[in-house]
Amino acid sequence: LAEGDRHRPRFHFVSPAGWLNDPNGLSHWNGVYHLFYQYNPLKAVHSRIHWGHATSPDLITWTDAPVALVPGDAANAADADGCWSGVLVDDHGVPTLVYSGRRGDRELPCVAVGSMDLTEWVADAANPVISAPPASLDLTAFRDHCVWPHPGGGWRQLIGSGISGQGGTALLYASPDLRNWSYLGPLIVGDSGDRETTADDWTGTMWECVDLFRLEPAGADDEPVDPDILVFSAWDDGVTRHTLYLTGRYSGTRFDRTALHRLDYGGRYFYAPQSTQDARGRRVMFGWLQEGRSDAAAETAGWSGVMSLPRLVTRAPDGTLHQQPVPELETLRRDHVRLGGFTLTGGERRAGLTRGDQIDIVAELQLEPGSEVELIVRATQDEAERTVIRITRPGDAHGDIALELIRTASSLDPTVDATPRSGPIKHVDGRIDLRVLADHSALEIFANGQPLACRVYPTREDAQGVEFVGVRGRVHVREAASWRMADIWHSPRRLWPAL
Ligand code: DQQ
């Protein structure tokens, strides 16, 4: 790893070196949070994927554990070419992983059993535990797992897949013991065939990393009409598009959908998330913030991929998901700066918030109809580099507010991705609760609980500037505060965990 790598995050989880992608086996086991992840410890490229492992008391500070799964360790080498995504379940006190063993270009379900501290894993001699995808369907792929105890005993499992000519799907299985599985049918099939493939809610030809969970309604008196959430990442023949979710009801054999939503407005930058319920009953989610720089640049840097900040997922009053970083993150805040209320009109600028490449900003905004404001971050003195978070309220007072991330000038490096990201934000009376976390190349924005995660690669050391800019109309900044964020990683860099 290069010393002083200016793109490497300091308060997000990153692998010690090499390649990181999906979060796996996310769990809160005996009071300790466990994060496993898709990992190639040898090189910053996606090949021969292992399961990396780290533990945390608080979701914020992490200790590396030995690599949990190594390809080819399974007795019959069902995972000879990779241990792909999966989950951890508690099988009557026995920690058990269910993951996709890759051999050649096939992925099939495998299980591994762990020691009580979750550091040592033994792949089952019977792997793969499902020897082939259902023969009755013409499938585009078959991998990634969501497994839960069935209320009547035994287990249920969803495997991500896609039916040729129809769309992505989640295939439902049942088992008494996590080893013997019977196929029950598709839980639900997407409708990608009918839609524009370029749409930001296109459901893909295959669903990766399906995650089904139940969330309580926002208000105690609300009827839980659609209590269940099905998250999936829309994939199309090797292209990772974006993560979506369906609200609806899981009936035991089917998922009756009410609506489809985008999970994160960063699109492919927040991919393959997994969630778990912790001991406090909270739904916590991590996703993979993939790179926006070239493969060659990542390989030269020696690392690729960032884990998102842990998100607390709750239900907004309109039934959609509300996401925000877990409150534990606030323990990293240092050197509080506060800007009292002020109003910006067209052309006015206001600096004063914490500058830097490792910062947390909160702001309560109120936009009058027809107004627009920008929060500029990571700006150089001469503004040759600047990243723009733009918030626009239409003249029609009832219309959604638009959140945009403009990266055209984020980096002087012409090889990094500079495409914009955007989406609508629901609001009451023009109010926006804005949270912006910038951590070197990682950038996570939350507006009224709707996230937009992305990556930016400013090249210059002075890309530290932060400023509000009133573009037009009147925007009231009711409150704004900021902090420098402490490092969770300490120098010298942690050592490579033993293989
Ligand atoms: N990545 C994993 C798969 C999953 C995909 C392989 C999503 O299991 O389908 O590293 O990023």
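Its Cα centre serving as origin, region 18-320 has a Cβ charge dipole (Lys and Arg +1, Asp and Glu -1) of approximately 180 debye. Only one residue of GLY162, ILE130, GLN323 has its Cα farthest out toward the positive end of the dipole of the chain, where Lys and Arg carry +1 and Asp and Glu -1 on Cβ, and that residue is GLN323.
Taking 7 Å steps out from each Cα toward its Cβ at THR345 and THR119 produces label points 6.5 nm apart. For region 376-392, 3J(HN,Hα) computed residue by residue from phi via the Karplus equation (6.51, -1.76, 1.60; θ = phi - 60°) reads 9, 10, 6, 9, 7, 3, 8, 6, 5, 10, 6, 10, 10, 9, 10, 10, 10 Hz, glycine and proline entered as x. Proximity of backbone amide H atoms, modeled 1.01 Å from N, is registered between SER371 and ARG393 at under 5 Å, excluding neighbours fewer than 5 places apart on the same chain. The value of relative contact order for region 330-485, using C-alpha pairs under 8 Å at least six residues apart, is 43 percent. Given the C-alpha centroids of region 414-475 and region 51-76, what is the distance between them in whole angstrom? Between the Cα centres of region 414-475 and region 51-76 lies a distance of 32 Å. Alpha carbon centre of region 82-123 versus region 143-216: separation in Å? About 18 Å separates the Cα centre of region 82-123 from the one of region 143-216.
Evaluated over the Cα positions of region 330-485, the convex hull gives a direction-averaged projected area, one quarter of its surface, of 8.3 nm².
The three principal axes of the Cα atoms in the chain give end-to-end lengths of 67, 53, 40 Å, sorted in falling order.
Using C-alpha pairs under 8 Å with a sequence gap of at least 6, the mean separation divided by the residue count of the chain gives a relative contact order of 14 percent. Taking 7 Å along the Cα-to-C-beta vector as the label spot, tell me the ALA402-THR415 distance in nanometres, rounded to one decimal. If labels sit at ALA402 and THR415, their model points lie 3.3 nm apart. All other residues whose Cβ lies under 12 angstrom from that of TYR37 are scored, Lys and Arg at +1 and Asp and Glu at -1, for a net of -2. Derived scalar couplings between HN and Hα for region 77-84 equal 6, 4, 10, 4, 10, x, 10, 8 Hz in order, rounded to whole Hz, by the Karplus curve 6.51 cos²θ - 1.76 cosθ + 1.60 (θ = phi - 60°), x for Gly and Pro. Site pair ASP90 and ASN76 shows an inter-label distance of 3.2 nm when each label is modelled 7 Å from Cα along Cα→Cβ.
Only Cα sites of region 348-394 enter the Debye sum here, all with the same form factor; the resulting log10 I(q)/I(0) across q = 0.32 1/Å is -1.37, listed in q order. In the chain, excluding the sites themselves, the longest stretch lacking any of the GluC sites (Glu not before Pro) that are in a DSSP loop with at most 16 other Cβ atoms within 10 Å is 197-347. Over region 106-254, the Kirkwood radius and the radius of gyration, each from Cα atoms, give a ratio Rg/Rh of 1.00. Specify whether the C-alpha gyration tensor of region 307-383 places it in the rounded, prolate or oblate class, a ≥ b ≥ c being the square roots of the eigenvalues: rounded for a/c under 1.5, otherwise prolate if a/b is larger than b/c and oblate if not. Here region 307-383 falls in the oblate category.
In order along region 106-113, the Karplus-derived 3J(HN,Hα) couplings, from 6.51 cos²θ - 1.76 cosθ + 1.60 at θ = phi - 60°, round to 9, 10, 9, x, 10, 10, 9, 10 Hz, and Gly and Pro are given as x.
We did not get these values from a lab; they are worked out from the coordinates using the rules stated. None of these values were measured; they are calculated from a predicted model. Note: ideal-geometry Cβ built from the backbone for every residue, glycine included; neighbour counts use all protein chains shown.
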